[in-house]
1. Can you pull out every residue in the range 79-112 that is β-branched (Val, Ile, Thr) and either at positive phi or in contact (Cβ under 8 Å) with a residue 24 or more places away in the chain (or both)?
2. Out of all the residues in the range 114-157, which are buried (at least 19 other Cβ atoms within 10 Å of the Cβ), assigned to a loop (DSSP other than H, G, I, E, B) and modelled with pLDDT of 70 or more?
3. Can you name the residue in the range 1-53 that is among the aromatic types (Phe, Trp, Tyr) and within 18 Å of the chain's Cα centre (by Cα) and is also modelled with the highest pLDDT among such residues?
4. Of the residues Arg179, Arg200, Arg184, which is within 21 Å of the chain's Cα centre (by Cα) and either modelled with pLDDT of 85 or more or not in a strand (DSSP E or B) (or both)?
5. Select from the range 54-88 the residues that are of a type in the set (D, E, K, R) and within 19 Å of Gly144 (Cα to Cα) and write down the one among them that is modelled with the highest pLDDT.
6. Please tell me if Lys90 is in a helix (DSSP H, G or I) and surrounded by fewer than 17 Cβ atoms within 10 Å (Cβ to Cβ).
7. For the range 161-214, what are the residues that are surrounded by 15 or more Cβ atoms within 10 Å (Cβ to Cβ), touching a strand residue (DSSP E or B) at 6+ places or on another chain (Cβ under 7 Å) and among the acidic types (Asp, Glu)?
Amino acid sequence: MAGGDQLFARFGRTCSAGETLFREGDAGDTMYVIQTGRVRITKEVGGEVKSLAVLGAGEFFGEMAILNNRPRTATAEIIEDARMLVIDAKTFAQMIASNTEIAIRLIKKLARRLDAADALIEILMHRDPKARVILGLSREVEVGSVVQEDGSVLVPIQPETLAEQVGLTVEETDDVLSRLSRLRIVDVTPDGFVINDVSRLGEFLDFLEMREKFGDG
């Protein structure tokens with residue numbers, strides 16, 4: 001980015017893999033912009049740590065603690081050596097006031113979060129567990145996926161987290177995932193779900209909804 005070196009000289013920080021930037025419940029007065037490297041966002045759910053997203057270059061996070069003056073709602077850990085900008089609340093406000101591009105990016109990100117909330121409501125209203133899982137995966141592709149070198153998409157969450165999000169038991173979710181795996185639409189890995197062709201998720205969902213509409217099976 002233009003002026004990137006100057007920004008890094010003023011606000012930059014180099015972080016090593018394994019470093020924790022902040023923990024859930026911490027007071028928050030800074031946000032972060034990733035220039036290089038990757039950061040995992042996690043949250044404790046039911047006594048277990050769940051992965052919410054893996055963020056890369058160009059992404060920013062931590063802004064909500066500045067905007068609503070509340071404790072951090074998740075934990076941020078460096079998983080790949082990173083360079084990032086660390087912006088405090090005062091500087092953030094100045095940037096928003098003076099830089100239209102930054103303001104627009106923030107608005108778009110908040111809008112995506114609202115869309116994600118609406119999508120979750122739609123998921124929970126759906127009766128078919130297969131459709132719920134597919135909609136849940138599609139939602140995660142939009143809000144927290146990582147494109148791999150081979151063109152596939154990694155959704156870095158665990159089956160238990162997906163089950164909680166879509167309002168199903170782990171057993172019901174595993175059953176659907178097994179079907180999707182047999183169809184070679186989704187691969188379940190230790191790092192999350194690998195989707196080889198996102199369009200096939202949509203096609204399978206269309207098939208399910210058509211079958212439900214016409215009462216077949």
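1. If the condition is that a residue be β-branched (Val, Ile, Thr) and either at positive phi or in contact (Cβ under 8 Å) with a residue 24 or more places away in the chain (or both), then Ile79, Val86, Ile87, Thr91 are the ones that fit.
2. The answer is Ser145, Pro156, Ile157.
3. Looking at the filtered set, the residue picked out is Phe22.
4. The unique qualifying residue is Arg200.
5. Only one residue tops the list, namely Glu77.
6. Yes; evaluated as a whole, the condition is true for this residue.
7. Matches in the range 161-214: Glu164, Asp187.
The values are calculated or read from the model by the stated rules, or taken from the named source; none is laboratory data. Worth saying up front: this structure is predicted, and the values here are computed from it rather than measured. Cβ sites come from the backbone with ideal geometry, for glycine too, and all protein chains shown count toward neighbours.
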